[in-house]
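Here the structure comes first, spelled out in structure tokens, and everything after it is commentary.
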Amino acid sequence: DGSELTEVTNYVRSNQAEPSEEMYGAAEGRNLIVVTLESLQTFVLNNEMNGETITPFMNELTQDEDTIYFPNFYHQTGLGKTSDSEFLLETGMYPLSGGAVFFTHSGNTFNSMAEKMGNEGYTTNVQHANTKSFWNRDMMYESLGIDKFYDIQSYTVGEGQAVNWGMKDIPFFEQSVDHMTEMQQPFYTRLLSLTNHHPFTLDEEDKFIEEFDSNSGTLNRYFQTVRYLDEAVKTLFDDLKEQGLYENSIIVMYGDHYGISDNHNEAMAQYLGKEITPYESAQLQKVPFFVHIPGYEKGYVDEEIGGQVDMRSTILHLMGMETEKDIQFGGDLFSEEHEEFVIFRDGRFVTDEYVYAANVCYDIETGEPVEDQSVCDPYAERALEELQYSESIINGDLLRFYEEENGQLKTLDEQQP
Ligand code: GP9
Ligand code: MN
């Protein structure tokens, strides 16, 4: 019934952050293009591998006058990998601990970002060159209120245009931008890239840098596929400009989850030149987050600590859409009230002072365990509480009892099916 929802609603309301006056509506009326950067971790940005730059285009973006770049942003996905990141983005809720919510709860009622934008006159879609049923997307996208899914059938994969899991990112982006020229504006489109996916294989002609030289072939190849993804993002920006879609759009990009698991810690230690402690492993869960607003001119590097659960309110506020009546976790990264507290799906967490991993409370500055371990306790409790609230909404399909327009529970009459 609704009583559980009342408790969650109270929790959500008491943790809400007012939008930033400066950024609210900064991209109002524009097309929204969200790019999911497959398996991209932050450690490769503004970094080198054997003297070679790994992400030249994105490095430039981090310094770009139209870009706000977040280097202290973490993924919060679980077993549902890419689909979990999509869930976090669309709902502002945490994915599940046990399995992919895209499979287990695709029939639920959600108040997704797509649905909200649809209500504001946007056409909404996802573009991804894979079979539509992968991660049960075709079913889940219906529940998320996404108008259209450009799956593999919407693409022509020419000779030499496929590798690894499927279509290469460069032709994928190119044809996706072609699709955009046909969309009714304003649109919200999401592009899911794919080439930088395990096992990170490439055709010779797409290897722009050498492999690394560790005992992990996975990590060695990762640098090359990341370099390819970087090139693909550059071509995406060029394609958008060529088609006249750049100026009146906003481009948001995020890494979906790690590409290199703890199984490769020895190789990773060789690359980073330091031991991979549980603290370091948690820091390696950083993924890039970019907000690119053509013509903005006030770009900067934003050190705010945040996570994927913050994307929904951050983006909606940029688009000039309120979220104060929504049931969502996280908060607007641009808000002065945004709380630096990132909860990982597995219970680890990061605050502005501490990193909690493997049941140890670390000092975020030094990476050493703090003397008084109990300082992490209140956060550990809240992390558990917040994850549980999120799970209770999903498991009970509680949003079907919620009236978004007035931010209240439906009356008992309305709750009858
Ligand atoms: C597949 C793509 C990659 O469609 O989303 O899947 P992943 O293994 O990263 O979740
Ligand atoms: Mn993925």
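The values are calculated or read from the model by the stated rules, or taken from the named source; none is laboratory data. Keep in mind that what you see is a predicted model, and the values were worked out from it rather than measured. Don't worry about glycine lacking a Cβ; one is built from the backbone with ideal geometry, like all the others, and counts go over all protein chains shown. For accessibility, only protein heavy atoms count, side chains too; no ligands or nucleic acids. Shrake-Rupley method; radii C 1.70, N 1.55, O 1.52, S 1.80 Å.
Based on C-alpha pairs under 8 angstrom that are at least 6 apart in sequence, the stretch 237-323 has a relative contact order of 34 percent. Computed about the Cα centre, the dipole magnitude for the chain is approximately 1200 debye when only Lys and Arg (+1) and Asp and Glu (-1) carry charge, each at its Cβ. Estimated from helical segments only, the mean residue ellipticity of the chain at 222 nm is -9500 deg cm²/dmol, where each DSSP H run of four or more residues counts as -39500 (n - 2.57). Taking all protein chains into account, the per residue accessible area for the stretch 34-97 stands at 24 Å² (1.4 Å probe). Taking every Cα-Cα distance in the stretch 76-161 and sorting them into 5 Å bins starting at zero, the pair-distance distribution P(r) comes out as 3, 15, 24, 24, 17, 10, 5, 2, 0 percent. Surface exposure of the stretch 318-406, expressed per residue as accessible area with a 1.4 Å probe, stands at 46 Å².
Using the Kirkwood radius over C-alpha pairs as Rh, can you work out the diffusion coefficient of the stretch 1-70 via Stokes-Einstein at 25 °C, viscosity 0.890 mPa s, in µm² per second? It comes out at roughly 148 µm²/s. Placing unit charges on each Cβ (+1 for Lys and Arg, -1 for Asp and Glu) gives the chain a dipole about its Cα centre, and among Thr181, Asn130, Gly2 the Cα reaching farthest toward its positive end belongs to Asn130.
For the cross-link pairs Lys168/Lys234; Lys81/Lys241; Lys116/Lys325, the ones whose C-alpha atoms lie over 22 Å apart are Lys81/Lys241.
Put a plus charge on the Cβ of each Lys and Arg, a minus charge on the Cβ of each Asp and Glu, and nothing anywhere else: the dipole of the stretch 66-183 about its Cα centre is then about 360 debye.
Model label points for Gln63 and Glu414, set 7 angstrom from Cα along the Cα-to-Cβ axis, are 5.3 nm apart.
Per-residue Karplus couplings for the stretch 8-13, computed as 6.51 cos²θ - 1.76 cosθ + 1.60 with θ equal to phi - 60°, are listed in order as 5, 4, 4, 4, 4, 4 Hz, Gly and Pro entered as x.
Other residues with beta-carbon under 9 Å from the beta-carbon of Arg137 carry, at +1 per Lys or Arg and -1 per Asp or Glu, a net charge of -2. Sorting 129-142, 33-46 by average packing, meaning the other beta carbons within 10 Å per residue, from highest down gives 33-46, 129-142. With N the number of residues in the stretch 1-143, Rg(Cα) / (2.2 N^0.38 Å) evaluates to 1.25. Evaluating kT/(6 pi eta Rh) at 4 °C and 1.567 mPa s, with the Kirkwood radius of the stretch 167-278 over Cα pairs in the Stokes-Einstein relation, gives 82 µm² s⁻¹. Take each peptide in 366-373, 382-389, 224-231, count the other Cβ atoms within 10 Å of every residue, and average; sorted highest first, the result is 224-231, 382-389, 366-373. Projected onto its three principal axes, the C-alpha set of the stretch 102-152 covers 29, 23, 10 Å, listed from the longest axis down. Measuring spread by the Cα atoms of the chain yields a radius of gyration and Dmax of 20.7, 67 Å.
Our summary of shape: the Cα atoms of the stretch 263-304 have principal axis extents of 44, 17, 16 Å, ordered from largest down, in whole angstrom.
Placing a label point 7 Å from the Cα of Glu275 along the Cα-to-Cβ direction, the residues of the stretch 363-379 with a backbone N closer than 17 Å are 363, 366-370.
Each peptide in 121-127, 147-153 receives the mean, over its residues, of other Cβ atoms within 10 Å, and ordering these scores from highest gives 121-127, 147-153.
The convex hull drawn around the Cα atoms of the stretch 286-417, when projected onto a plane and averaged over every direction, covers 10.8 nm². How much of the DSSP bridge set in the chain is antiparallel, in percent, rounded to the nearest 5? Approximately 50 percent, going by the DSSP bridge assignments. Extension gain, Asn47-Asn406: 0.36 nm per intervening residue step, less the Cα-Cα distance, totals 124.5 nm. Computed from phi, the 3J(HN,Hα) profile of the stretch 291-306 under the Karplus parametrisation 6.51, -1.76, 1.60 (θ = phi - 60°) reads 10, 10, 10, x, x, 5, 6, 10, x, 6, 8, 9, 7, 3, 7, x Hz, with x in place of Gly and Pro. Taking all protein chains into account, the per residue accessible area for the stretch 140-229 stands at 41 Å² (1.4 Å probe). Convex hull volume per residue, computed on the Cα atoms of the stretch 275-354, equals 117 Å³.
Quick one: go through the stretch 268-293 and flag any residue whose amide nitrogen is under 20 Å from the point 7 Å out along the Cα-to-Cβ line of Glu368. It comes to 274-283, nothing else. Taking every Cα-Cα distance in the stretch 212-359 and sorting them into 5 Å bins starting at zero, the pair-distance distribution P(r) comes out as 2, 7, 14, 16, 17, 16, 14, 9, 5, 1, 0 percent.
Partners of Lys274 within straight-line reach, counting aspartates and glutamates whose Cα lies under 12 Å from its Cα and excluding those fewer than 8 residues away in the same chain: Glu266. First compute the accessible area of the chain with a 1.4 Å probe, then give the percent of it belonging to carbon and sulfur atoms. For the chain, the apolar C and S fraction of the accessible surface comes to 42 percent. Projecting the Cα atoms of Ile276, Ser106, Thr82 onto the charge dipole of the chain (Cβ charges, centred on the Cα centre) puts Ser106 farthest toward the positive pole. Measuring nothing but alpha carbons in the stretch 58-97 and taking Rh as the Kirkwood radius, the Rg to Rh ratio lands at 1.13. Each label point was placed 7 Å from the Cα along the Cα-to-Cβ direction; for Glu22 and Glu353 their separation is 2.7 nm. For the stretch 358-417, divide the Cα radius of gyration by the Kirkwood radius and give the resulting Rg/Rh value with two decimals. Rg divided by Rh gives 1.30.
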